[in-house]
Structure formats: C-alpha cells, structure tokens
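J.: Quick one: the structure is below, and I'll ask about it shortly.
The values are calculated or read from the model by the stated rules, or taken from the named source; none is laboratory data. From a predicted model like this one, the values you see are computed outputs, not experimental measurements. Virtual Cβ from ideal backbone geometry, glycine too; neighbours counted across all protein chains shown. When the accessible area is computed, the model is the full protein with side chains, heavy atoms only, and any ligands, DNA or RNA have been set aside. Shrake-Rupley method; radii C 1.70, N 1.55, O 1.52, S 1.80 Å.
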Amino acid sequence: MTRRADIARNESFFRAVNEGIAEASERFESVEGEFLCECGDANCTHRIEVPLEEYEKVREHPTRFLVEHGHVEPEVEQVVRQRRRYTIVEKVDAVAARIVRRLNPRPRPA
C-alpha cells in the first residue's frame with residue numbers, strides 16, 4: 001500500500017504545481033501551458049505542452065492526470081486517452097483514488 005500511496009501523493013503534488021502554471025498561462029492569455037509531468041516519480045522533470053482547454057477537461061475529474069508517454073503506473077492507473085505529446089490517465093486503485101481526491105486543489109462541485 002505504501003508505494004500506491006506514494007505514487008498518489010507525488011502525482012497530487014505535481015498537479016498542484018500545474019494549477020499555478022495554468023493560472024499564469026491564462027493570465028498571459030496563452031492557449032497552451034508547459035506543464036510538469038504528473039507521474040508518480042518524484043524525480044521526474046519532464047515537461048509536456050497541453051492546450052489549456054484540454055487541461056481544464058482533465059481537471060474536471062479529480063482522479064485524472066497528465067503524464068509523459070511511458071510514465072503510466074499500471075498498478076494504480078489506466079490510460080484514458082493518448083495524445084500526440086502526452087497521456088491522460090485515471091486512478092483505478094481505490095487507495096490511490098481516495099488520496100488524490102482528498103488532495104485535489106479544486107473545490108468539489110456542489
């Protein structure tokens with residue numbers, strides 16, 4: 001369970017950083033943002049360019065993340081969609097899903 005929890009916490013950390021990047025990109029009226037890979041590897045430094053519209057669609061689901069191709073953690077997540085420059089994954093492991101929901105920086109819909 002510890003590895004699954006670590007993956008979830010690492011991905012949630014990168015998601016929180018990316019929220020700031022998205023905010024800054026919107027302020028500068030960009031159509032794309034250069035985001036950190038939201039994979040479970042705490043040492044990952046890959047960056048991925050994502051249209052802000054697509055970023056917002058991913059953020060509508062608290063268990064979805066943007067990762068570099070090949071950075072999927074099959075023990076906790078599955079691929080939802082492959083794009084040319086990145087992969088969208090969703091948590092399927094109950095422990096990981098619970099952690100990322102709890103750490104979601106966006107308010108829950110009413």
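J.: I'd like the accessible area for Thr2: 1.4 Å probe, protein heavy atoms, all chains in place, Å² to the nearest 10.
T.: Its heavy atoms expose roughly 100 Å² to the probe.
J.: To continue, here is another question. With θ taken as phi - 60° and the coefficients 6.51, -1.76 and 1.60, list the Karplus ³J(HN,Hα) couplings across the stretch 43-52 in order, rounded to whole Hz; mark glycine and proline as x.
T.: Values, residue by residue: 9, 5, 10, 5, 10, 10, 8, 9, x, 4 Hz.
J.: Now for a different question. Counting only heavy atoms of the protein chains, get the accessible area per residue of the chain (1.4 Å probe) and round it to a whole Å² value.
T.: So the chain comes to 58 Å² accessible per residue, rounded to a whole number.
J.: Still on this structure: Given a Förster distance of 41 angstrom, what is the FRET efficiency for Glu75 paired with Glu29, based on the Cβ-Cβ distance and rounded to 0.05?
T.: 0.55
J.: What is the set of long-range amide H partners of Val72 at a cut-off below 5 Å, with H atoms built 1.01 Å from backbone N?
T.: Amide H neighbours of Val72, under 5 Å, 5+ apart: none.
J.: Which entry in [x] 21, 20, 12; [y] 21, 15, 12; [z] 18, 16, 13 matches semi-axes √(5λ) of the Cα gyration tensor in Å derived from the coordinates of this structure?
T.: [y]
J.: Pop out the ³J(HN,Hα) list for the stretch 91-98 in order, Karplus 6.51 cos²θ - 1.76 cosθ + 1.60 with θ = phi - 60°, rounded to Hz; leave Gly and Pro as x.
T.: Going residue by residue, I get 5, 10, 7, 4, 5, 4, 4, 5 Hz, with x marking Gly and Pro.
J.: Using the alpha-carbon centroid of each, what span in Å lies between the stretch 1-64 and the stretch 87-110?
T.: So the separation of the two Cα centres works out to 12 Å.
J.: Grab the other residues whose beta carbon is less than 10 angstrom from that of Val89, score K and R as +1, D and E as -1, and report the net.
T.: Residues close to Val89 contribute a combined charge of -2.
J.: A follow-up question, please. What percent do you get for the relative contact order of the stretch 4-110 when only Cα pairs under 8 Å and 6+ apart count?
T.: Worked out over the stretch 4-110, it gives 27 percent.
J.: Name the long-range amide H neighbours of Gly33: under 5 Å, sequence gap of 5 or more, or other chain; modelled H, no Pro or chain starts.
T.: Sorted by chain and number, the residues that satisfy this are Val50, Leu52.
J.: Then there's this: Can you run phi through the Karplus equation (6.51, -1.76, 1.60; θ = phi - 60°) for the stretch 35-42 and list ³J(HN,Hα) in whole Hz, with x for Gly and Pro?
T.: Rounded to whole hertz, the list is 9, 6, 4, 9, 6, x, 7, 4.
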